[in-house]
Amino acid sequence: MKILITGGAGFIGANFCEYELKHHPEDTYLCLDALTYAGNLASLEHVLHQPNFTFIRGDIADRDFVNALFEREKPDIVVNFAAESHVDRSVTDPEVFLRTNIMGTQALMDACRKHGVGRFHQVSTDEVYGDLPLDRPDLFFTEETPLHASSPYSASKASADLLVQAYARTFKLPVSITRCSNNYGPYHFPEKLIPLMITRALADQGLPVYGKGENVRDWLYVEDHCSAIDLVIRKGRAGEVYNVGGHNERRNIDVVKAILRELGKPETLITYVTDRPGHDMRYAIDPSKIHRELGWLPTTTFDEGIRRTVQWYLDNRGWWEAILAGEYQNYYAAMYGQR
Ligand code: NAD
Ligand code: TDX
């Protein structure tokens, strides 16, 4: 089987490429990524030179390019991770979120229709459901919760989900969607909460906690997200949405304190800063459908996952120091410029 993974040089996509090559070495993989600021070939170090893995640089919203690629490669399955993914960036510059997250998804699905792709899988997020109140710990997002996005990012992801479902109904495109909670682990870009706090704490810099740090996120170790997507694309029912989450709810301030404890750094580094506009209060996923239908369960506890993540950032300083220095963006030119 030939699997096209878009956005595979990003955080979750890179972990997914590694997961797939390890668990299904009999398949062939194409990784399509535009290498925006968030894409990094160094995150694919373990798979880039394997014989059944090919990296292609390109934009999912470029229809002609996407069509030519599908014509040539004829993938059996498409897994779409490619997106603008950072909420704060969507507040300052929403437009590229609409282009990549909505138009890009549509361009991919049109190519899937034209070339008879067997499954289009959309990697979505729990943020499409909006947020839950802090004083109702009994409430969880299910697959039936209405879409109620808060930020330009989540609105673009919700729009893409609606389009995916419309393509399934109108054109009978065989699709699936996973809506996952917050991921963390190796190769997480250091603009997001956990890697930002780890890398800043290591440099003894202040840790900017938004508002009072009381917002709650449901944290899932990235490998557990990969195993969920793997199950859905191979065994999940077409036309279905599956929520993915770890029952690992934590307040931001408690996550930051856990990181400081792990690093042996003082809590005096914590600096409370102005809140994110429209900041979602709480995300919490009910993952019972994917458990019931596909037997999926997360295997990494938060304590174990945060320990492994902190250790990864300690062991892989070169990866994130190159990002902070901006050097990683020259890697592609150095590696491929003369080819
Ligand atoms: P990321 O920002 O780390 O990676 C995104 C990747 O997409 C990058 O490699 C980037 O170069 C690529 N990309 C961006 N625009 C592109 C374009 N036009 N064409 C081709 N490639 C392009 O994001 P991530 O955290 O790995 O998230 C991956 C997916 O998972 C996204 O769709 C996101 O919405 C979703 N998601 C993320 C989380 C999370 O906690 N990070 C949780 C749930 C869902
Ligand atoms: O400096 C910070 N200080 C802070 O308090 C940053 C960057 C974040 N925060 C807070 C905001 C959130 O409540 O931490 C929480 C997590 O923030 P992010 O890491 O930006 O993630 P979030 O906004 O929850 O979105 C993430 O999870 C869902 C991903 O970035 C999305 O792509 C995914 O869909």
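The values are calculated or read from the model by the stated rules, or taken from the named source; none is laboratory data. In this text, all values refer to a predicted model and were calculated from it rather than measured experimentally. Please note: Cβ atoms are built from the backbone with ideal geometry, for glycine as well, and neighbour counts cover all protein chains shown.
What number of residues within region 214-247 satisfy the criterion of being within 13 Å of ligand 2 (Cβ to nearest atom), surrounded by 18 or more Cβ atoms within 10 Å (Cβ to Cβ), assigned to a loop (DSSP other than H, G, I, E, B) and at pLDDT 95 or above? The total comes to 2.
Here T271 meets each of (1) more than 14 Å from ligand 1 (Cβ to nearest atom); (2) in a helix (DSSP H, G or I); (3) within 28 Å of V209 (Cα to Cα) with one exception, condition (2). Residue count for region 172-184 under the criterion of being in a strand (DSSP E or B) and under 25 Å from R250 (Cβ atoms): the result is 6. Restricting attention to region 77-97, which residues are part of a helix (DSSP H, G or I) and either touching an Asp or Glu at 6+ places or on another chain (Cβ under 9 Å) or under 19 Å from C17 (Cα atoms) (or both)? Passing the criteria: V87, D88, R89, S90, V96, F97.
Here region 185-213 is the region considered, the condition is being assigned to a loop (DSSP other than H, G, I, E, B) and within 16 Å of ligand 1 (Cβ to nearest atom), and the residue that is surrounded by the fewest Cβ atoms within 10 Å (Cβ to Cβ) is E191. Cβ separations smaller than 9 Å between residues 6+ apart or across chains give the following pairs from region 209-225 residues that are within 22 Å of Y242 (Cβ to Cβ) to residues that are near ligand 2 (Cβ under 10 Å from one of its atoms) and β-branched (V, I, T): R217/V255; W219/I194; W219/V255; V222/I12; H225/I12; H225/V123. Only residues that are touching a residue at least 40 places away in the same chain (Cβ under 8 Å), hydrophobic (A, V, I, L, M, F, W, C), in contact with a helix residue (DSSP H, G or I) (Cβ under 6 Å, 6 or more places away or on another chain) and assigned to a loop (DSSP other than H, G, I, E, B) were counted in region 130-153, giving 0. Out of region 1-48, which residues are free of Cβ contacts under 8 Å to residues at least 24 places away in the same chain, over 19 Å from D224 (Cβ atoms) and not in a loop (DSSP other than H, G, I, E, B)? Hits for region 1-48: nothing passes. Among the residues making up region 1-49, those that are within 11 Å of ligand 1 (Cβ to nearest atom) and of a type in the set (S, T, Y) are T6, T36, Y37, S43.
Could you please let me know if Q122 is assigned to a helix (DSSP H, G or I), modelled with pLDDT of 95 or more and closer than 26 Å to S150 by Cβ? No, not satisfied.
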